Amino acid sequence: MKQLSLFLCLFCFLMPNILKAQEYAVAKLDPKLVEKASAVIRLSEESNVVDENGKITRSVKVVFTIFKAEANDLAETQVNYSKSIQFKNLQANVYDAAGKLILKSKKSDIKDYSNFSSFSIYEDNRQKVLDMKQYKYPYTVEFLYEVQYPNLYYISSWYPQPYSALPVESASVTYDLPKDKRIRFYSESPLIDANQKPTVVSNRQSLTWSLENLQAIESEKLMPSTGNYTPVLYAAPSEFDYDGYKGDLSTWDSYGSWIGQLNKGKDVLNASTKSKVKDLTEGLDTDFEKIKALYQFMQNHTRYVSIQLGIGGLRPFEASTVEKLSYGDCKALSNYMGALLKEAGIKSHYALIHGGDRKRPTFDQFPMHYFNHVILAVPLEKDTLWLECTSQTNPIGYLGRFTADRQALLINDQGGTLVKTPKYSSFENTQLLKAEIELNENGIADLAVNMINRGLQSENFGLQNLYRQTDEQRKKWFNQNFSLSVLQFESIASALKNEGFLTEVETNAKVKLKNFTSLSGNRIFLTLNTLNPFTSGLSSLKGERKYDFESNMGFLDNDQFEYKIPAGFVVEKLPESISIENQFGIYKVDFKNIGGILTYIRSFQLYDGVFPADVYENYVQFLDQVEKADKVRVVLVRQS
């Protein structure tokens, strides 16, 4: 009897481990699901439990099976926390290919680091890091962690497939909250029913979603940044209480009213600044002139730093603090600029926006906190003037790649309104490149180049910072961005200008080059466009394209290169003019040969936009034509 009891005890103890070994065995995976994958998400379970005060306990269990070294970073996880976000627990287990447990994490394995941004001076963000990497593949790593958020504003959306290139075997999420609390849900995915009804037990309600066998998304070139390729369940509260500031996120008006409440009373200036505003605007006739004077004053007397402390990550500090310290984050600087304008009798609006090179979707019908940045909007008689208050160099009204062509939440007297920031067209994103090149038959050439970049093209290759750099740094920049063999620099200069609402950068250089042409017998071979050749990096597909594609920046390049032909040589044959025009852009090249000067004239305009997948091959062919035409050569022949 004792032996039977001992056997039963051992069986009960070992059975869960045996089942888990079977559960995580690589052999159990569907070969079709993991074909070509570097890793697979075996299991993802998320739980969000809200208490009566609105605090959220978020528990996560995620299991990866890793097949290749390129996915090994998945075996390291980071859990962010702060004074507001409490870290509760983090642990991990590692299993071999058969699903046998081979390693358990210890508390001493967890490292604690400051998650401090290089541009931030007030920040309490930290992270726990647990590294469980192995180097014998395949293996499985299981992470479990728990954090507590202070209020419903922090409620997490659900991303069942956080890595589009990885398949998912099973994913689920649960939201459990008191009956008197409300969380709203929204999804654009046909796989997720965001309108399902909660299960109510006693005084609590819960909702659960689950998905299985999500195939990896095979990435394609130029996929639109706002495309919905993987399923997402967006979650946001209605009413919430953030450090005593009660708010409502269910409408843009109510959200805007809450932001206005946070900002209330923060725009008070001291007497000396008020006097300065009067001095700066006195004698100026128009609001635009006054805005420009105050914007330049703000740029010259402040700098940007990040502030990320609790509700300080959402609320600006006082305008008087910016006056005193001469710095602030995007919220504080926008609030300060608004205070300067208010003192001058000019109305402005604080505006929340998501900044970054890649746009993210913002759904009009589902208000939530999509934003990570603040700018200022100033309504004029015929238009709205947008001010990026963290830049010390932007011309008035210029936003740039970071915040152009996306939705922003404008805070006004009624609350909040979702609006669109300006989009820069191909006619505004221009590059004008002129060059005079004196050729020698030995391959030496003297180059004088003038390049003017405007709009988004002024942000190319670090151009906006070039004027602040030394001659040596400019020479290095020239060598990195022009594929030329430089013998000697005579001069190189750069100037940043503000033309209207656009940034303009003008660059001038005089350079002696080697190997610019090649000589063979009595012939010199000259490639006409070595200064601005186009390369797409695209190629035709072997199969059918699945997704739409995006040309994300329209631009216009105008080039004119004048080549002084060496004495005793003539052009053997002038190339024919080229003209291509279609739905993607316009490309034109012309040639002139007058009085010993060979002139190459090129214009290339590429349109922006999202195009259907079935015209992708046409797009690639157009760019191939441009790339081929940019390699045009002429032959110079020695006269008998």
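The values are calculated or read from the model by the stated rules, or taken from the named source; none is laboratory data. Bear in mind the structure is a predicted one, so any value in this text is a computation, not a measurement. Quick reminder, even Gly has a Cβ in these numbers, built from the backbone with ideal geometry, and neighbours come from all protein chains shown. These area figures cover heavy atoms from the full protein model, side chains too; ligands, DNA and RNA do not enter into them. Shrake-Rupley method; radii C 1.70, N 1.55, O 1.52, S 1.80 Å.
For residues in region 587-612 being among the β-branched types (Val, Ile, Thr) and open to solvent by less than 40 Å² (accessible area, probe 1.4 Å), which is farthest from the chain's Cα centre (by Cα)? Full working, then the answer.
We begin by selecting, within region 587-612, every residue among the β-branched types (Val, Ile, Thr); these are 589, 594, 597, 599, 601, 610.
After this cut, where a residue has to be open to solvent by less than 40 Å² (accessible area, probe 1.4 Å) as well, the list is 589, 599.
Details: Val589: 35, Thr599: 40 Å.
Out of the qualifying residues, it is Thr599.
All but one of (1) open to solvent by 20 Å² or more (accessible area, probe 1.4 Å); (2) more than 21 Å from Leu269 (Cβ to Cβ); (3) modelled with pLDDT of 95 or more hold for His349; state the number of the condition that does not hold.
If we test His349 against (1) open to solvent by 20 Å² or more (accessible area, probe 1.4 Å); (2) more than 21 Å from Leu269 (Cβ to Cβ); (3) modelled with pLDDT of 95 or more, just (2) comes out false.
Which members of region 255-278 meet the condition of being part of a helix (DSSP H, G or I), surrounded by fewer than 17 Cβ atoms within 10 Å (Cβ to Cβ) and either of a type in the set (Lys, Arg) or not assigned by TED's automatic domain parsing to the domain that holds Pro316 (or both)?
Within region 255-278, Lys274, Lys278 meet the criteria.
If you check Arg126, Arg204, which single one turns out to be without any contact (Cβ under 8 Å) to a residue 40 or more places away in the chain and of a type in the set (Lys, Arg)?
Arg204 is the lone residue from the list that is without any contact (Cβ under 8 Å) to a residue 40 or more places away in the chain and of a type in the set (Lys, Arg).
State yes or no: is Thr230 closer than 30 Å to Thr362 by Cβ, of a type outside the set (A, V, I, L, M), open to solvent by 40 Å² or more (accessible area, probe 1.4 Å) and not assigned by TED's automatic domain parsing to the domain that holds Gly356?
Details: closer than 30 Å to Thr362 by Cβ: yes; of a type outside the set (A, V, I, L, M): yes; open to solvent by 40 Å² or more (accessible area, probe 1.4 Å): no; not assigned by TED's automatic domain parsing to the domain that holds Gly356: yes.
No, not satisfied.
Can you find a residue that is of a type in the set (Val, Ile, Thr), over 22 Å from the mean Cα position of the chain (by Cα) and more than 30 Å from Tyr304 (Cβ to Cβ) anywhere in region 143-157? Lay out the reasoning, then the answer.
Applying the first criterion (of a type in the set (Val, Ile, Thr)) to region 143-157 yields 147, 155.
When the remaining residues are screened for being over 22 Å from the mean Cα position of the chain (by Cα), the result is 147, 155.
Those still in the list that are more than 30 Å from Tyr304 (Cβ to Cβ) too: none.
No, every residue in region 143-157 fails to be of a type in the set (Val, Ile, Thr), over 22 Å from the mean Cα position of the chain (by Cα) and more than 30 Å from Tyr304 (Cβ to Cβ).
Just wondering, is there one or more residues in region 241-254 that are more than 22 Å from Asn151 (Cβ to Cβ) and surrounded by fewer than 17 Cβ atoms within 10 Å (Cβ to Cβ)?
Scanning region 241-254, I find no residue that is more than 22 Å from Asn151 (Cβ to Cβ) and surrounded by fewer than 17 Cβ atoms within 10 Å (Cβ to Cβ), so the answer is no.
Table: residues versus (1) open to solvent by less than 20 Å² (accessible area, probe 1.4 Å); (2) at pLDDT 95 or above.
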residue: Leu294; (1), (2): yes, yes
residue: Ser306; (1), (2): yes, no
residue: Ile311; (1), (2): yes, no
residue: Gly345; (1), (2): no, yes
residue: Gln365; (1), (2): no, yes
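Which of the following residues is open to solvent by 20 Å² or more (accessible area, probe 1.4 Å), under 25 Å from the mean Cα position of the chain (by Cα) and closer than 20 Å to Gly260 by Cβ: Thr393, Thr417? Step through it out loud before you land on a result.
On the way: Thr393 fails: closer than 20 Å to Gly260 by Cβ.
So the residue among Thr393, Thr417 that is open to solvent by 20 Å² or more (accessible area, probe 1.4 Å), under 25 Å from the mean Cα position of the chain (by Cα) and closer than 20 Å to Gly260 by Cβ is Thr417.
Across region 332-343, what is the total count of residues that are in contact with a Pro (Cβ under 7 Å, 6 or more places away or on another chain) and open to solvent by 10 Å² or more (accessible area, probe 1.4 Å)?
1
So, in region 613-629, of the ones that are more than 25 Å from Arg401 (Cβ to Cβ) and not small (Gly, Ala, Ser), which residue ends up surrounded by the most Cβ atoms within 10 Å (Cβ to Cβ)? Working first, answer last.
Filtering region 613-629 down to residues more than 25 Å from Arg401 (Cβ to Cβ) leaves 613-615, 617-618, 621, 624-625, 628-629.
Subsequent filtering for residues that are not small (Gly, Ala, Ser) retains 614-615, 617-618, 621, 624-625, 628.
On the way: Asp614: 10, Val615: 16, Glu617: 13, Asn618: 13, Gln621: 14, Asp624: 14, Gln625: 14, Lys628: 11.
Among those residues, the one meeting the criterion is Val615.
Condition check ((1) modelled with pLDDT under 95; (2) part of a helix (DSSP H, G or I); (3) under 27 Å from Tyr398 (Cβ atoms); (4) in the same structural domain as Lys347 (by TED's automatic domain parsing)) across all residues:
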position	(1), (2), (3), (4)
Ala435	no, no, no, no
Glu438	no, no, no, no
Leu456	no, yes, yes, no
Gln464	yes, yes, yes, no
Gln480	yes, yes, yes, no
Ile492	no, no, yes, no
Lys497	yes, no, yes, no
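Restricted to region 279-292, and to residues that are in a helix (DSSP H, G or I), of a type outside the set (Val, Ile, Thr) and over 16 Å from Gly500 (Cα atoms), which residue is least open to solvent (accessible area, probe 1.4 Å)?
Result: Leu280.
Can you give me the number of residues within region 396-430 that are more than 17 Å from Ser334 (Cα to Cα) and touching a Ser or Thr at 6+ places or on another chain (Cβ under 9 Å)?
Selection size over region 396-430: 9.
All but one of (1) within 23 Å of Ser326 (Cα to Cα); (2) among the β-branched types (Val, Ile, Thr); (3) touching a Gly at 6+ places or on another chain (Cβ under 9 Å) hold for Thr403; state the number of the condition that does not hold.
(1)
Among the residues of region 509-555, which ones are assigned to a strand (DSSP E or B), open to solvent by 20 Å² or more (accessible area, probe 1.4 Å) and not β-branched (Val, Ile, Thr)?
The first filter runs over region 509-555 and keeps only residues assigned to a strand (DSSP E or B), leaving 509-514, 518-520, 523-527, 549-551, 555.
With the extra rule that they be open to solvent by 20 Å² or more (accessible area, probe 1.4 Å), the set shrinks to 510, 512, 514, 518-520, 523, 525, 527, 550, 555.
The answer is Lys510, Lys512, Lys514, Ser518, Leu519, Ser520, Arg523, Phe525, Glu550, Phe555.
Check off (1) under 30 Å from Ile353 (Cβ atoms); (2) surrounded by 17 or more Cβ atoms within 10 Å (Cβ to Cβ); (3) in contact (Cβ under 8 Å) with a residue 60 or more places away in the chain for Ser187 and give me the number that stays unchecked.
For Ser187, the failing item is (3).
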